[in-house]
1. Taking all protein chains as present, what is the carbon and sulfur share of the accessible area of segment 1-112, in % to the nearest whole number, probe 1.4 Å?
2. Mind checking segment 1-105 for GluC sites (Glu not before Pro) that DSSP puts in a loop (not H, G, I, E or B) and that have at most 13 other Cβ atoms within 10 Å?
3. Between segment 33-88 and segment 108-172, how far is it from one alpha carbon centroid to the other, in angstrom?
4. In percent, what relative contact order does the chain have, based on Cα pairs under 8 Å that are 6 or more apart in sequence?
5. Using Cα-Cα distances under 8 Å and only pairs 6 or more residues apart, what relative contact order does segment 8-92 have, in percent?
6. Take the chain, mark every one of the trypsin sites (Lys or Arg not before Pro) that falls in a DSSP loop and has at most 10 other Cβ within 10 Å, then report the longest stretch left between them, sites excluded.
7. What Kirkwood Rh does segment 53-150 have if only Cα atoms enter the pairwise 1/r average? Answer in Å.
8. Keeping every protein chain present and rolling a 1.4 Å probe, give me the accessible area per residue for segment 19-135 in Å².
Amino acid sequence: MPLGVFDSGIGGLTVVRALRATFPKRDILYVGDTARVPYGNKSAETVQNYSREIVDFLEQKGAERVVAACNTASALAVASLAKTRKIPVHGMIESGVAAALATGEGPVGVIGTPATIASGAYQKALAKARPGLRVVAQATPLFVPLVEEGWLEGEVTEKVARQYLEPLIREKIRVLVLACTHYPLLKGVLGKVLGAGVRLVDSSEACADALKATESSRVEKGELRIFLTDEPGAFLGRVESFLGKGAVASVERIHLPHG
């Protein structure tokens, strides 16, 4: 009974990497909705429909539980899915907030897709957990396509990052929550722009740590099977460079909703 993980594209592989490091013997099924990426500029209803289709698919494939490795889906769809699905569905927000608060004092910056930031999910969760905390949220929509294209560093990516992060730098943030699973792939650029005095909170690692309390120590084959809603293209090469050669047992294209 494998773990199911899904994201709008390849960003959720940061969660897969963290899960494999934490639970090396668990089988993982990963759905990358590459035909409909990104989710961050879509309506709540659309994100909820897409997320429901994917969770249903993973449940049909035998997933024991599902991680929405997508902060937009976590903000807009996980609460309803958790109530209506037979298997547990986990989001990224609670663990990301806990990790941010564990690093010390604020101000805390949050960057994410337009939908995640507009939902206020992180802002509300941080304010509830620590009343009076200064939170500065910034939508950074160009980061997802940059990651999907493999532009993880270089002049263009750095200029985009500086433009987005300038308001947070002015507010003298001490912690930055990467509220999108694509963003840990940009840690090098983000760290360069912000400087060593700002701690980056990787929601992927925080999610894996949070699952330790509820995950069993089941020993399986440790296989990673990937399902994409569009042609793989250069996807497999990026996966192998990120997770290691031979990490992927299979890559299959699927159509959603799955009959």
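The values are calculated or read from the model by the stated rules, or taken from the named source; none is laboratory data. If you're wondering where the values come from, they're calculated on a predicted model, not measured in any experiment. For neighbour counting, all protein chains shown are included, and Cβ atoms are generated from backbone atoms with ideal geometry for every residue, glycine included. Areas reflect the complete protein model, heavy atoms only, side chains present, ligands, DNA and RNA absent. Shrake-Rupley method; radii C 1.70, N 1.55, O 1.52, S 1.80 Å.
1. Working: 1890 of 3760 Å².
The nonpolar share, carbon plus sulfur, comes to 50 percent.
2. On the way: sites: E45, E53, E59, E64, E94, E105; in loops: E64, E105.
When the GluC sites (Glu not before Pro) of segment 1-105 are filtered for loop state and at most 13 Cβ neighbours within 10 Å, E105 remain.
3. First find each Cα centre; the distance between them is then 22 Å.
4. Averaging sequence separation for qualifying contacts and normalising by length gives 26 percent for the chain.
5. Computed value for segment 8-92: 29 percent relative contact order.
6. Counting at most 10 other Cβ atoms within 10 Å as exposed, the longest clean stretch of the chain is 87-211.
7. Across segment 53-150, the inverse of the average 1/r is 14.8 Å.
8. For segment 19-135, the per-residue accessible area is 40 Å².
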